[in-house]
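Notes to accompany the following structure.
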Amino acid sequence: MAAIVPFLARHRTRIAIALLFAAGAAIRVHNALGYWVNNGFDGPFNWEYVRQLTTDWSLPDPQAHWSAARPPFFFYAGAVLARVFGPGPARSVWAIRLASSALGLVAIALVARHVARSEPDAARRGLRTAVAAGLLLFLPAHLELSAMLNEEITVASLGTIALLLAVAPAARADAGASARDGHGAPIGI
């Protein structure tokens, strides 16, 4: 028992960040499974798009219904999950929501990692990383949109990942300068 206290003291920031992610993930799972199937701004229209893709995999006419004019990546990915999880909307919608939420959590983890790597001061690194992760994990819009059948979280997450990949070479070349002079990509994300 005595060995646990020094371990907790050494790793308290990592433990706190892990607990933040566990709580954020638990909320997203609860919402994804607990919200009614057509929850969301365009839930019924988006489900119709996904359902239609599972029948013949062809893009609908952009004027065919509300969601048909939107970029198809999210809807094709949803159609693949719908095929895997069955024709009924409940299990398929849950799978799509959970996959979108998982992608959102990956993007948040990568932002937290970027913040940690950008902070040269070891004493402040953990706190700044925890604050960045906490702000994104519990952002009300992120929590709400993760539980909807829509492309917003998927698109935002892929955009965030692309931005982080774009700034990664510059961050390595200029190790920590953005944190020292108060500028950095996570501010814009």
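The values are calculated or read from the model by the stated rules, or taken from the named source; none is laboratory data. Small disclaimer: the values here were computed from a predicted structure and weren't measured. Glycine gets a Cβ as well: all are built from the backbone with ideal geometry, and neighbour counts include every protein chain shown.
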Review point. Can Leu163 be described as part of a helix (DSSP H, G or I) and either at pLDDT 80 or above or not hydrophobic (A, V, I, L, M, F, W, C) (or both)?
Key: yes
Check your understanding: Out of all the residues in segment 113-149, which are part of a helix (DSSP H, G or I) and closer than 21 Å to Asn31 by Cβ?
Key -> Ala133, Gly134, Leu135, Leu136, Leu137, Pro140, Ala141, His142, Leu143, Glu144, Leu145, Ser146
Study note, to complete from the structure: Note on segment 70-85: residues surrounded by 12 or more Cβ atoms within 10 Å (Cβ to Cβ) and in a loop (DSSP other than H, G, I, E, B) are Arg70, Pro72
Revision key, fill the gap. Selection from segment 48-69 of residues more than 19 Å from Val155 (Cα to Cα), of a type outside the set (A, V, I, L, M) and part of a loop (DSSP other than H, G, I, E, B) yields Trp57, Ser58, Pro60, Asp61, Pro62, Gln63, His65
Practice item. Keeping to segment 45-61, report how many residues are more than 25 Å from the chain's Cα centre (by Cα) and polar (S, T, N, Q). Key: 3
Exercise for review: Report the residue count in segment 12-36 for those that are assigned to a loop (DSSP other than H, G, I, E, B) and either under 20 Å from the mean Cα position of the chain (by Cα) or farther than 17 Å from Ser100 by Cβ (or both).
Suggested key: 1
Check your understanding: Does Trp36 satisfy the condition of being of a type outside the set (Ser, Thr, Tyr) and surrounded by fewer than 13 Cβ atoms within 10 Å (Cβ to Cβ)?
Key -> yes
Revision key, fill the gap. Sole miss for Phe45 among (1) at pLDDT 85 or above; (2) of a type outside the set (Lys, Arg); (3) more than 21 Å from Val155 (Cβ to Cβ) is condition (3)
Point to revise | Whichever residue in segment 99-149 is of a type in the set (A, V, I, L, M, F, W, C) and more than 30 Å from Phe41 (Cα to Cα) and, among such residues, is surrounded by the most Cβ atoms within 10 Å (Cβ to Cβ) | key: Val115
